[in-house]
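Working notes, structure below.
The values are calculated or read from the model by the stated rules, or taken from the named source; none is laboratory data. None of these values were measured; they are calculated from a predicted model. Note that we place each Cβ from the backbone using ideal geometry, even for glycine, and neighbour counts take in every protein chain shown. Each accessible area value is taken on the protein alone, full model and side chains, heavy atoms only, with ligands, DNA and RNA left out. Shrake-Rupley method; radii C 1.70, N 1.55, O 1.52, S 1.80 Å.
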Amino acid sequence: MPSKAYEKFIKTVRRCESLVDSYKRLREIDQENGVDVPTPKDIVRGSVVLAVAALDTYVTDVFSEKLVSYLKAYNPDAGLIELLYDAGLDTKEALGLLGMERPYRRIRTLIENYYGSYTTQKFDVIDQIFKPYRLKNITDNAAKKSGKESIKKSVGKLVERRHQIAHAGDYNGHGRIIEIDEEQIGKRIQHLELLVKNMDEIICNRI
């Protein structure tokens, strides 16, 4: 059964796909009517930013969502203990849990707050996040599960493009806006969806 984090991710991905499809339709209308000012491709750029944000949110959401189930099923290793400590679960906080009706909810809240401003758009960072769940190289394994050798490269380029758009307005070093291909972006968003789907299946099979 998919995680709630994945269900939320998919809703956002559908919005991204809708943006790309809307641009294509508006472009067709422009061509039919011969308009002087065509529909801006910033609609497509917006889908890139939104798609990468969906990945970022999914990773931290699913980790938090599965934390309580994992703690109930497995003994935490040193990595998870260190993470919980960094999130605020020190001796004082741990003793306070003894008097709480829902101690696990408090632990999850600590992790959610810890990851609240965490950026998870690099594969090595994503892999590192899931190590406390004893899941090694989750992005490689999700890529292998897809059967597409270049899927990580494709998603990586989507992330890189997001950075170019977010930090430089999608301008190159000469101050010219970089062309963006809506068909290519549509495929990269599909690759992102498949990669995250496989990650979620791996996580849900584990926890």
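Among residues of the range 105-122 that are closer than 10 Å to ALA87 by Cβ, those with a Cβ under 8 angstrom from a residue that is open to solvent by 80 Å² or more (accessible area, probe 1.4 Å), sequence gap 6+ or separate chain, pair up as TYR114/ASP86. Taking the criterion of being open to solvent by 20 Å² or more (accessible area, probe 1.4 Å) and either within 24 Å of the chain's Cα centre (by Cα) or of a type in the set (Ser, Thr, Tyr) (or both), the residues of the range 61-80 that qualify are ASP61, GLU65, LYS66, VAL68, SER69, LEU71, TYR74, GLY79. Scoring VAL13 on the criteria (1) at pLDDT below 95; (2) at negative phi leaves a single failure, condition (1). So is ALA94 at pLDDT below 90, farther than 24 Å from TYR171 by Cα and among the hydrophobic types (A, V, I, L, M, F, W, C) or not? The answer is yes for ALA94. Scanning the range 114-151 for residues that are at pLDDT below 90 and open to solvent by 20 Å² or more (accessible area, probe 1.4 Å) yields a total of 7.
Can you say whether ALA94 is free of Cβ contacts under 8 Å to residues at least 12 places away in the same chain, outside any loop (DSSP other than H, G, I, E, B), among the aliphatic types (A, V, I, L, M) and surrounded by 13 or more Cβ atoms within 10 Å (Cβ to Cβ), as far as the supplied structure shows?
Numbers: free of Cβ contacts under 8 Å to residues at least 12 places away in the same chain: yes; outside any loop (DSSP other than H, G, I, E, B): yes; among the aliphatic types (A, V, I, L, M): yes; surrounded by 13 or more Cβ atoms within 10 Å (Cβ to Cβ): yes.
Against the criterion (free of Cβ contacts under 8 Å to residues at least 12 places away in the same chain, outside any loop (DSSP other than H, G, I, E, B), among the aliphatic types (A, V, I, L, M) and surrounded by 13 or more Cβ atoms within 10 Å (Cβ to Cβ)), ALA94 qualifies.
The residue of the range 152-186 that is nearest to the chain's Cα centre (by Cα), among those that are surrounded by fewer than 14 Cβ atoms within 10 Å (Cβ to Cβ) and among the basic types (Lys, Arg), is LYS153. The set of residues in the range 164-196 being within 21 Å of THR12 (Cα to Cα), in a helix (DSSP H, G or I) and among the hydrophobic types (A, V, I, L, M, F, W, C) consists of ILE165, ALA166, ILE185, ILE189, LEU192, LEU194, LEU195, VAL196.
Among the residues of the range 123-163, those that are among the acidic types (Asp, Glu) and either in contact (Cβ under 8 Å) with a residue 40 or more places away in the chain or part of a helix (DSSP H, G or I) (or both) comprise ASP124, ASP127, ASP140, GLU160.
Whether a residue is assigned to a loop (DSSP other than H, G, I, E, B), among the hydroxyl-bearing types (Ser, Thr, Tyr), out of contact with any strand residue (DSSP E or B) (no Cβ under 8 Å at 6 or more places or on another chain) and open to solvent by 30 Å² or more (accessible area, probe 1.4 Å) was assessed, and THR109 does not pass this test.
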